[in-house]
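Novice: Questions regarding the structure given below will be posed in turn.
The values are calculated or read from the model by the stated rules, or taken from the named source; none is laboratory data. This is a predicted model, so every value here is computed, not measured. Cβ placement follows ideal geometry from the backbone for every residue including glycine, while neighbour counts extend to all protein chains displayed. Just the protein is used for accessible areas: all its heavy atoms, side chains included, with ligands, DNA and RNA removed. Shrake-Rupley method; radii C 1.70, N 1.55, O 1.52, S 1.80 Å.
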Amino acid sequence: MDVFFTEPSFFDIFDFKWIAGNAASLKDPNAVVLSQKTAQLYFGDWKKAPGRIIKVNNDFTVKVAGVLADVPEQTDFQFKMILSSELLNHAKSSDWTTINGHQQCYVLLPPGMTASTVDQQLKGYSRKYRKQGDKTTYALQPLAMVHYDADNKYQGVDNFSGKTISGERVHLLWLIAVFILIIACVNFINLATAQAVNRAKEIGVRKVMGSNKTQLRIQFLTETFLLVLTAIILALILVLCFAGNIGTVINIPLSLTNLPVVMLVAFLFTLAVVITVLAGSYPAMVLSGFNPIKALKNKLVKTGNHGLSLRPILVVFQFVIAQALIIATFIIIRQMSYFETAPMGFEKNAIINIPFKSDSTRNSRLDYLRNQLMAVKGVKNVSFSNTSPAEEDSWWTPFRFDHAAKETDFASISKYIDANYVNTYHLQIIAGRNIKPGFTTKEFLINETLAKKLGFKQPYSALNKEVNVWGGAIVGQVVGVVKDFHAASFKEAIAPVFFVNHLRALNSAGIELSTTNIPTTVAGIQKIFTSTYPEIPFDYQFLSDKITDFYKQERQLSNLFEMFAGIAIFLSCLGLYGLASFMATQRLKEIGIRKVLGATAANIIYLFSKEFVVLVVIAFAIASPVVWYFMHQWVQQYAYHVNITGWIFLAGGVGSVLIALATISFKAMSASLVNPVKSLRNE
């Protein structure tokens, strides 16, 4: 939605930047305000736009009265043109069907007034003025929550751009990011405590020279802080280099330039301090607690150490997170595969939809256009309608059925079609027949769900019953029942649908193509459309792409989880490799003795691997029920979803064990290949 109708007071609430004109100009019903980019597109230079005339919808003209600076990409008000709301009161248009009837009212509360107080007043207002039986209620929606109203808590209110995301999903992403940081901290703690013996003499010397525990802890925390600060600087460089690429992959615009510098610096400094405390405190306490005499004699006890007792717990913890992300990713990918491959009850591949403006002149050329399009090589079917079988936003219409005195107590999705619609989209008629060509006699098709909601146990029982829409504006008989299909995404249950042949509502072409040489076919279609309707810009979309867009947020979530799971398992394996490397160094002479006594490389690998594999298996046992609970809750939000089966968990667990085993085995193999003569020559 890029054309807005509003009042001048809109700009008293929102601080859009005017680069030409002012808000008062919208008091004139024939005024229009353009965005800077739109003005440049139309006139070459936005400075030339004020005072120029624009024809809107090919019906009425307006004068450019102002230009607004382009808005940031992340705002929900992505307008190209703003018209006066007064224009709606007197302008005559041949097609108002493309105008969104939902009107938004923005309220700026005075100081001291709360939204809850106004909500109570609105309840009293609705009780006083609504009709008897009308249960409509009103409530204010905080502007900050518009973008997060994915569950449509405030029914009928939207953010125009349609870009909503649940607050819970944002919190989930924050939580995953925190867990990944914790994995990094766990690795640091494990490696720092494991290598403590290597710094024993240094600590002993410092203590003999007079250093106390506090000074040593400050030293080690400072070292950790410098490491963290270096990592953050490197991370910033990576973000600056690759944010655009990552944003393209997850289909979310990413940029540091949108963040206030002071806020960013404060956040990163706080993050550095928190990570330093989390990662550095325990190693600092362990290192500063060494006995200086034993440290100088290199007689520190390596077993029974608190670091060694904590280390398995930390390894389990990080693999719980990594395996949880891996299993969750498998489930999300499987659900996405279901969305993309499950049959919807109609043909969605190799069909393009082309919108056009409907009026009597254009409608008189539809038969000519159809004949011309059917002559294009590669075109199989052509249908004109107001909508494809599946849409995110549909017209819901109540109606009177079978001469009833009142309308149905439920609304149905209404689709206005021609006789070719069923064949073009390969809908299946299970009772009766298709509507006949022509528009003089109104005929209805209904789907199975609508027939059931009307009380018919058998589809054929609904045939020849009268349907009355819009108070008698459209009246006809049911001539056929269509097998159920998905009129929206798989997130929603199958809805009741009726179809009727209504010429005035046709404003879109659906064209089925052969799958060979599609670009050439589309070029031929464009040529005919442009010559038939030269005043309408040619624009088309593949129906399959439109349906894919239904799951845009799920695709983003899937991509994010894939990246997070990859990072988590990489960090976990990096930690394992570090621990295995330290173990190889500490047990080098033991390995030499074992080899002299006949141990094979396989024995050495088993020696290294058994402890860590057990820890990974324990992590799997902990992660599995937790993941099952949360992912079960996630899939339940969709009317149609996959079953969470045991093989998904088994695949995730086996995959994690194999990855961990490969990581450890690589270092164990290197250790087993060392000549025992070199490792034992000092004995």
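Novice: If I take the Cα coordinates of the range 307-453 and project them onto the principal axes, what are the three extents in Å, biggest first?
Specialist: 86, 50, 30
Novice: Just by accessible area at a 1.4 angstrom probe, what is the order of Leu366, Leu240 from largest to smallest?
Specialist: Of Leu366, Leu240, the descending order of accessible area is Leu240, Leu366.
Novice: Is the C-alpha gyration tensor of the range 455-508 telling us rounded, prolate or oblate? Criteria: a/c under 1.5 is rounded; beyond that, a/b larger than b/c is prolate, otherwise oblate. Write out the running numbers ahead of the final one.
Specialist: Values: a/c = 2.10, a/b = 1.12, b/c = 1.88.
Judged from the Cα gyration tensor, the range 455-508 comes out oblate (a/c at least 1.5, b/c at or above a/b).
Novice: Under a Cβ-Cβ cut-off of 15 Å, what is the net charge of the residues other than Glu443 that fall near it, where Lys and Arg count +1 and Asp and Glu count -1?
Specialist: Charge balance near Glu443 sits at +3.
Novice: Give me the net charge for the shell around Leu173: Cβ to Cβ below 15 angstrom, other residues only, Lys and Arg +1, Asp and Glu -1.
Specialist: Charge balance near Leu173 sits at -1.
Novice: Would you grab the residues whose amide H sits under 5 Å from the one on Leu254? Only those 5+ places off in sequence or on another chain, please, with H modelled 1.01 Å from N.
Specialist: Long-range HN contacts for Leu254: Gly247.
Novice: If you rank Val273, Val107 by how much accessible surface each has, with a 1.4 Å probe, what is the order from largest down? Provide the component values of the computation, followed by the final result.
Specialist: Details: Val273 60, Val107 85 Å².
Final ranking, largest accessible area leading: Val107, Val273.
Novice: Now a separate question. Starting with the highest mean, order 542-549, 402-409, 454-461 by the number of other Cβ atoms within 10 Å, averaged over the residues of each peptide.
Specialist: Ranked by mean Cβ neighbours within 10 Å, highest first: 542-549, 454-461, 402-409.
Novice: Which of the peptides 472-485, 432-445 is most tightly packed, and how do the rest follow, going by the mean number of other Cβ atoms within 10 Å of each residue?
Specialist: Ranked by mean Cβ neighbours within 10 Å, highest first: 472-485, 432-445.
Novice: Could I ask something else about it? With θ taken as phi - 60° and the coefficients 6.51, -1.76 and 1.60, list the Karplus ³J(HN,Hα) couplings across the range 511-522 in order, rounded to whole Hz; mark glycine and proline as x.
Specialist: Going residue by residue, I get 10, 8, 10, 6, 7, 9, 6, 5, x, 5, 5, 5 Hz, with x marking Gly and Pro.
Novice: [x] 13, 35, 30, 16, 6, 0; [y] 16, 43, 34, 7, 0; [z] 17, 47, 28, 8, 1: which one is P(r) over Cα pairs in 20 Å bins from 0, in percent as calculated from this entry?
Specialist: Label of the calculated value: [x].
Novice: Just how much of Cys241 is accessible, in Å², when a 1.4 Å probe is used and the result is rounded to the nearest 10?
Specialist: Counting only protein heavy atoms, the figure is 80 Å².
Novice: While we're on this one: Just by accessible area at a 1.4 angstrom probe, what is the order of Ser116, Ser281, Ser383 from largest to smallest?
Specialist: Ser116, Ser281, Ser383
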